[in-house]
Structures are given as structure tokens and as C-alpha cells.
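The values are calculated or read from the model by the stated rules, or taken from the named source; none is laboratory data. Here the structure is a predicted model, which is why all the values come from computation and not from measurement. Cβ placement follows ideal geometry from the backbone for every residue including glycine, while neighbour counts extend to all protein chains displayed.
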Amino acid sequence: MPVSAPSLVIHRVAAPADGLRDLEVTSDGAVWCALAATSVVVRMTPDGEQRRIALGGETAEAHSIAAATHDSVWVTDRASDRILRLDSTGVVWSATVTFGAAPAGIVGQHDGSAWFVEERADAVGHVDILGRVTEFDTGVPRGEPASIASNGSSVWFALPGAGAIAHARGGDSLPSLVEFDDPSAAPTSVSIGDDGCLWFADPARRVVGRIGRSGAITEFVLPEPSWRPMRVASDAADGCWFTIDGVGAIGHVDGEGRAAMIAVPGERGTPVAIALSAVGELWVALDSGDLLYIADPGSLAADIQ
């Protein structure tokens, strides 16, 4: 039974021990959630009906989710080195990548293909529309690629181990690097906005940043010393929503650097992932196993600086 407040709805989709890790919203209105500890993906329809889809395999670990089509998703299985595609009926396709590669972030393309990163192999992978998988070396040893984003013509991915963000046109060539002057930089999450700008989270420096189409970097430092942004999701208004490690709230930064926050109601948990629907509704995954739905996030955000 969802718990509601004005403009807020909370859905229980898992127990705290299930390891709710990531979520995605497909254009049919379904919300998909990765449960790392139970090797399960939960699909919740717009009317709240839930279905649990097992990934199969004794060592499976659902890690990241990205929309594949209007009603299906891509999933990385970090522990078993697999890429899977799921729809409402279950697993419809899977492939194994390099042993020990630890596939992490994944992003779907409009043509039905997908790009993903391999954290332990320092590689980027591609699934084409025929299901063929190709893997490419990033050229950055110990870069530990994490999340990945794409605008269709190129891909961006975070390299926390190298303190950089990589950009590759088409993904099959050696990437160019966006490096930072601060040696403590370690960006972990990336998201491309409708304006073509790339947003990123750098928890080591308390930074939510933006890379403009010209390559200019703008950084917004969060005001509290203990606040470490972890996940980012760009919005349609050229801003960015983000989670904060260990804090029961989500934040927002607009293009001018104005920051705001929405507290999680009732101390129900800490946000671990965040996603926006096609119409701007905000979904937040909590470590308690709950999903927080915010119909109009801009109307609830309170200024924090």
C-alpha cells in the first residue's frame, strides 16, 4: 500500500536487505528497480502492480538499469559478467562479457543498441541491434569506469580512478579526457541534459558539475562539509537532481548554481538512485526498499543556499 502526502507517494518494493540499488522509468510509465542482493528486478506498473523478475544464476547481481524500448530495459549483472534485456514477461536476451569485467553502468540508444562500462576491465562495451557484443579498451589504466551517458552520437563515462570524465564519439575510438585541476577529483555519475550539457557528481570534492557543449566546466560545491553527491539525473529545465550520500534528502542545482532540497518524508531511508520520467516526474530509490514518487519536484524544493 503506497504512503501518500501532497505531491508525494511512497511505494514499498523491497526489504532493506534486498539491496535496492538502481531504477529506471520506461515511457510506458513502468518503474524498474534493481535489487542487488537478491538477483531480482522489480517492475511496477503505473497502477502500482509489481512483478519480480529473477535474473537467474547462482551469483547474479543486478547492478544498473537503462531503458531499452518503451517497455523493456537493459540490466547489467556485475557478479556474473552479463548484460540482459528484460520486458514484462521476464529475461528475453542475455550475453556474457569478458570474465571478471564487472559490467557497471549502462545506457540504451534509440536504435535499440546499448553502451555499457566494465569497471574492472577498464573497457566500454556495445550491444548492437542484432545482439552482438563488442568491447573496447578505454585506454585509461585503472580508470575504473562507473556510470555512462549518451546523447545518441557519442558517449560519456565517469572515470573515478583516473579523476576524469571520458568522451568518445561513437564509442569505438579512444576517448578524449576531461581532466580536473584538483588531484582529489573522482567523478562517479554522469547524465546528459536536453541541452547537450553533461552533469556529473564528484563526491570526493562535494561537487555537482556541468560540462557545457563548448567544453567549459562549471562546478557547484555543496554548502555542508559532510554532503557528498553520488548520483545525478538531468532535468528538462537545464538543471540536475542529485542524491547525497547518507542524507535523507535529494538536491537540485539549476544552470545558475541555485541549489534546493527535498527531504525524504518520515525518515524512511536514504536515496541511493534517482530517475526522471518523460514528463518530469521524479522517482527516488531508498535504501529502505521504498520508492519515493514526486509528481512536481520543482514545487516542493526548498532553497538551501
Open item on the list: Could you check the range 248-273 and list, in sequence order, the residues that are β-branched (Val, Ile, Thr) and within 18 Å of the chain's Cα centre (by Cα)?
Closed with: 250, 253, 270, 272
Task: Residue count, the range 73-105 (criterion: touching a Gly at 6+ places or on another chain (Cβ under 6 Å), of a type in the set (Gly, Ala, Ser) and in contact (Cβ under 8 Å) with a residue 40 or more places away in the chain) - done: 0
- [ ] Kindly indicate which of 89, 69, 96 is surrounded by fewer than 21 Cβ atoms within 10 Å (Cβ to Cβ), β-branched (Val, Ile, Thr), at pLDDT 95 or above and within 19 Å of the chain's Cα centre (by Cα).
- [x] 69
Open item on the list: Give me the strands (runs of 3 or more DSSP E) completely within the range 237-290, filtered to those with at least 2 residues that are at pLDDT 90 or above, in contact with an Asp or Glu (Cβ under 6 Å, 6 or more places away or on another chain) and within 23 Å of residue 62 (Cβ to Cβ), ordered by residue number.
Closed with: 271-276
Open item on the list: Going residue by residue through the range 144-157, is there one that turns out to be outside any strand (DSSP E or B), modelled with pLDDT of 95 or more and of a type in the set (Asp, Glu)?
Closed with: yes
- [ ] Might you let me know whether the range 1-11 holds any residue that is at pLDDT 95 or above and either among the acidic types (Asp, Glu) or surrounded by fewer than 19 Cβ atoms within 10 Å (Cβ to Cβ) (or both)?
- [x] no
Task: Considering residues of the range 13-42 that are among the acidic types (Asp, Glu) and not in a strand (DSSP E or B) only, the residue nearest to residue 286 (Cα to Cα) - done: 18
Open item on the list: Looking only at residues that are touching a residue at least 24 places away in the same chain (Cβ under 8 Å), more than 17 Å from the chain's Cα centre (by Cα) and part of a loop (DSSP other than H, G, I, E, B) in the range 158-170, which one is surrounded by the fewest Cβ atoms within 10 Å (Cβ to Cβ)?
Closed with: 161
Task: Single condition residue 248 does not satisfy, out of (1) in contact with a Ser or Thr (Cβ under 9 Å, 6 or more places away or on another chain); (2) over 22 Å from residue 145 (Cβ atoms); (3) buried (at least 21 other Cβ atoms within 10 Å of the Cβ); (4) not aromatic (Phe, Trp, Tyr) - done: (3)
TODO: Considering each residue of the range 147-188, count those that are more than 25 Å from residue 68 (Cβ to Cβ) and hydroxyl-bearing (Ser, Thr, Tyr), and give that number.
DONE: 2
